[in-house]
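Visitor: Sharing a structure here in structure tokens format.
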Amino acid sequence: MAEEGTPEDHGAAAAFPLWRRLLMNKEHPVLQFIKYGIAGGLASGVDATVFYLLAWLLIPALSPTDPFVKIFGLEVEPISEAVRLRHYWIDKTIAFLFSNFTAYLMNIFFVFRSGRHKRHHELMMFYGAAILSFLIGTWLGGLLIEVGFETTYSYIGAVVAAVLINFTCRKFFIFHS
């Protein structure tokens, strides 16, 4: 064990502030985009977990041929396309509420500098942009279901649209960029 004041002790101590500065740096655009990806990954994980638990167990929105069903060897009852589409929207809405709250917390504490607007305005703008991206993404996912894609592919299309819209709005309109 290194004694205080030894070179080994100073090396470890010097590394921690470097990591802390990198993690807390909200100015450098490359670091900001990487951290946005990490925060988005966490929020997407929350979204996918809530969505698929609902779609599988509570508000069925999966067909027996869905890749998620096949990968995990799940058993689901066949449902009509109209029911699957309606349940998809309900499941996406509930998952959105959980994942968006996670995203807001990660964005203000980890990615962007808050304070461009008053907190309640910032929160309203954050949710406004998220609702816009949710509606566009979920509409796109719904279209994919209507033309015959499985729920999982529709879900992925919705996520891609939401990421692009959300990053642009958050970086340039909501938080300090």
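The values are calculated or read from the model by the stated rules, or taken from the named source; none is laboratory data. For clarity, every value in this text was computed on a predicted model and none was experimentally measured. So basically every Cβ, Gly included, is an ideal-geometry build from the backbone, and we count neighbours across all protein chains shown.
Visitor: Give VAL30, VAL50 a once-over and let me know the one that is touching a helix residue (DSSP H, G or I) at 6+ places or on another chain (Cβ under 7 Å), within 27 Å of ARG170 (Cα to Cα) and either of a type in the set (S, T, N, Q) or in a helix (DSSP H, G or I) (or both). It would help to see each step written out before you state the result.
Guide: Working: VAL30 fails: touching a helix residue (DSSP H, G or I) at 6+ places or on another chain (Cβ under 7 Å).
VAL50 is the lone residue from the list that is touching a helix residue (DSSP H, G or I) at 6+ places or on another chain (Cβ under 7 Å), within 27 Å of ARG170 (Cα to Cα) and either of a type in the set (S, T, N, Q) or in a helix (DSSP H, G or I) (or both).
Visitor: Also: Can you find even one residue in region 38-45 that is of a type outside the set (Gly, Ala, Ser) and modelled with pLDDT of 80 or more?
Guide: Yes, because at least one residue in region 38-45 is of a type outside the set (Gly, Ala, Ser) and modelled with pLDDT of 80 or more.
Visitor: Given the options LYS70, LYS92, LYS171, name the one that is loosely packed, with under 15 Cβ neighbours inside 10 Å, assigned to a helix (DSSP H, G or I) and basic (Lys, Arg). Spell out the reasoning first.
Guide: Details: LYS92 fails: loosely packed, with under 15 Cβ neighbours inside 10 Å; LYS171 fails: loosely packed, with under 15 Cβ neighbours inside 10 Å.
After ruling out the rest, the residue left standing is LYS70.
Visitor: Right, something else. How many residues are assigned to a helix (DSSP H, G or I) and either hydroxyl-bearing (Ser, Thr, Tyr) or without any contact (Cβ under 8 Å) to a residue 40 or more places away in the chain (or both) when one looks only at region 109-146?
Guide: From region 109-146, those assigned to a helix (DSSP H, G or I) are 109-111, 119-146; that's our starting set.
From the residues that got through so far, the ones that are either hydroxyl-bearing (Ser, Thr, Tyr) or without any contact (Cβ under 8 Å) to a residue 40 or more places away in the chain (or both) too are 109, 119-121, 123-124, 127-128, 130-133, 135-140, 143-144.
Residues meeting the conditions: 20.
Visitor: Could you tell me which of the residues ILE165, ILE79 is of a type in the set (A, V, I, L, M) and assigned to a loop (DSSP other than H, G, I, E, B)?
Guide: Values: ILE165 fails: assigned to a loop (DSSP other than H, G, I, E, B).
When all the criteria are applied, what remains is ILE79.
Visitor: Quick one: would you say PHE149 is on the phi < 0 side of the Ramachandran plot, free of Cβ contacts under 8 Å to residues at least 12 places away in the same chain, part of a loop (DSSP other than H, G, I, E, B) and surrounded by 13 or more Cβ atoms within 10 Å (Cβ to Cβ)? Even if it seems obvious, please write down each step before you answer.
Guide: Values: on the phi < 0 side of the Ramachandran plot: yes; free of Cβ contacts under 8 Å to residues at least 12 places away in the same chain: yes; part of a loop (DSSP other than H, G, I, E, B): yes; surrounded by 13 or more Cβ atoms within 10 Å (Cβ to Cβ): yes.
Criteria met by PHE149.
Visitor: So, one more: Look through region 152-177, keep the residues that are touching a residue at least 40 places away in the same chain (Cβ under 8 Å) and among the aliphatic types (A, V, I, L, M), and return whichever of them is farthest from ILE108 (Cα to Cα).
Guide: ALA158
Visitor: If the Cβ limit is 8 Å and pairs must be 6+ apart or interchain, which residue in region 48-66 that is closer than 17 Å to GLU150 by Cβ and touching a residue at least 24 places away in the same chain (Cβ under 8 Å) pairs with which residue that is loosely packed, with under 14 Cβ neighbours inside 10 Å and among the acidic types (Asp, Glu)?
Guide: PRO60/GLU77
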